[in-house]
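To start, the structure under review is shown below, and the notes come after it.
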Amino acid sequence: MENILVKVEDISIQYKSITAVKNLSFDVKHGEIFAIIGPNGAGKTSAVECIEGLRQPTSGEIKVFGMTPHKNRKHIYQKIGIQLQEADYPDKIKVHELCKYYAAFYKNPADWRLVLQQLDLEKRAKTLVKKLSGGEKRKLSILLALLPKPQLLILDELTTGLDPEARRMIWQSLAHIRDSGTSIILVSHYLDEIEYLANRLLYLVDGENKFVGTLKEFRQFAKKQLAEKWNEQYTLEQIYLHLSPKKSNLRLEVLS
Amino acid sequence: MKQAITIFQLETKLYLRDFFSFFFTFAFPTLLLILYGSIYGNEPSDFFGGRGTIDVSIPAYCAMIIGVTGLMAFPLTLAHYKEHRIYKRFDATPVGKGFIIWIQIAVNVMMTIAGFIVLLLVGNILYDVTFDGNLFAISFAMLLSIATIFSIGFFFTAIARDSKMTNLLCYLSYFIMLFLSGATMPKEMFSDTLLTVSKFLPLTYVVDLLQGVFTGDLLTDYTVELLLLGAILLSCSIVGAILYRRKNWV
């Protein structure tokens, strides 16, 4: 029997008059990288924040390790590592101090010196966090998420704003983490990243589940949707752009 | 407990690394004390009812330190951490933001008391300052004053929609109270208009209360000050907490 870590059942999230997520259901299994894709405002972060227990769904139910996240935050946070889409750190703190700070939160934390070494950040240990480059800051956010020795890692737009080299370095780190047995929920706009890393994906549009399954199944789904426009050579990004409900009218010749 | 100690130590380091907080908590009141001491000395004066300039200045400078931590360091940190979603990240850990905020309050209170100690030591060593006050009365007055001024800073962060607005409220209130409450210049030098203005400033009652208990007056001689400070503490804490419940931390 497959080991299900996260079970999302028919959740909806409402902000005043706006429905961010509608009747969403999916699950995340042990040892997989589960990607969530979709355009801006599709409800990806709202859904993930409900799994993290930072928000409560308006209706429906979420179980993480069999527990309701917002009611069992203290227990759940001992088992999951989180990287938020938008979060910062105190201005005048150094890398090694921030590691000590976060390690103090957990009962049995990972050795942050070792993780610092594994993520190639040990030379920056005495640097102020605000002086780190974008790529180094992202690595640091992975490090902090790894401190609880998590069984599940939730990463929200981890590589946004990074150069291609830094992104690929982070992909390698994530592949290592997955291979060590940690499941990952990965929210991303980069389809090459999903193609490289993910086992299964959820495609959200306007808060609705358009597809959930493996990458191979997603290609079959897209083939049906695109009918005669389908091309076997399409990359995941090309498929995504063809499926996108917000097709851009911008023509390149306008720019030239 | 070990967890709280580690976080407390790191938050203390962060406090001391902030130049503004460090300078105005420790250096500025002491420099002011030395400056006034070198000009006026600490000889008994009729102007201060038979006490020396430094005798009456020390409790006033203690009020100044409470102003720095309560109206600047603590609320500005709170607003900065909230706006930059630092608390949100803490909320995604087993301890949560509430625990961190309580530690930050503890660090700021400790720094306030450390500022008092530095000031008292310098006063004692350089100007032979002694106090006739009862230790319990002085401690009670100091703690009530700290709690009240901190509650005002907390209230500012609750009503302000962003850190810019918090900065404005904190800087304005701090500098107005610094100069018009008797914390920097003795109220004996104020005109009638300034004295009237000072009656509307909470720090004025802190200065009066501290100067009183430091010279050996009883707490019961300051019922009005105690009641006023208590009322401000309760109202700012309760209204601030209600407003915070409605804030979106996510």
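Okay, here's what the table says:
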read-out: Residue within region A:113-127 that is surrounded by fewer than 21 Cβ atoms within 10 Å (Cβ to Cβ), over 21 Å from the mean Cα position of the chain (by Cα) and within 11 Å of another protein chain (Cβ to nearest Cβ) present; value: no
read-out: Test result for residue B:162, touching a helix residue (DSSP H, G or I) at 6+ places or on another chain (Cβ under 8 Å), acidic (Asp, Glu) and more than 14 Å from every other protein chain (Cβ to nearest Cβ); value: yes
read-out: Filter result for the condition that a residue is within 14 Å of chain A (Cβ to nearest Cβ) and in contact (Cβ under 8 Å) with a residue 60 or more places away in the chain, over B:21, B:57; value: B:21
read-out: Test: residue A:107 is among the charged types (D, E, K, R) and part of a helix (DSSP H, G or I); value: no
read-out: Total residues in region B:218-230, condition more than 17 Å from the chain's Cα centre (by Cα) and surrounded by fewer than 18 Cβ atoms within 10 Å (Cβ to Cβ); value: 6
read-out: Cβ-Cβ under 8 Å pairs, at least 6 apart or on other chains, region B:149-166 side over 17 Å from residue B:237 (Cα atoms), far side surrounded by 19 or more Cβ atoms within 10 Å (Cβ to Cβ) and among the small types (Gly, Ala, Ser); value: B:162/B:79; B:163/B:79
read-out: The lone exception for residue B:72 - which of (1) crowded, with 24+ Cβ neighbours inside 10 Å; (2) of a type outside the set (Asp, Glu); (3) away from chain A (no Cβ under 14 Å) it fails; value: (1)
read-out: Residues within region A:17-39 that are more than 16 Å from residue A:80 (Cβ to Cβ) and touching a residue at least 60 places away in the same chain (Cβ under 8 Å), tallied; value: 12
read-out: Test: residue in region B:94-103 that is within 30 Å of residue A:143 (Cβ to Cβ), in contact with a Gly (Cβ under 8 Å, 6 or more places away or on another chain) and within 14 Å of another protein chain (Cβ to nearest Cβ); value: no
read-out: Residue match in region B:29-37 (condition: more than 14 Å from chain A (Cβ to nearest Cβ), of a type in the set (Val, Ile, Thr), buried (at least 22 other Cβ atoms within 10 Å of the Cβ) and closer than 20 Å to residue B:181 by Cβ); value: no
read-out: Subset of region A:210-236 [in contact (Cβ under 8 Å) with a residue 12 or more places away in the chain and surrounded by fewer than 14 Cβ atoms within 10 Å (Cβ to Cβ)]; value: A:214, A:229, A:235
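Values quoted throughout were computed directly from the atomic coordinates according to the rules given, and no laboratory measurement underlies them. The shown structure was predicted, so the numbers you read here are calculated from the model rather than taken from an experiment. For neighbour counting, all protein chains shown are included, and Cβ atoms are generated from backbone atoms with ideal geometry for every residue, glycine included.
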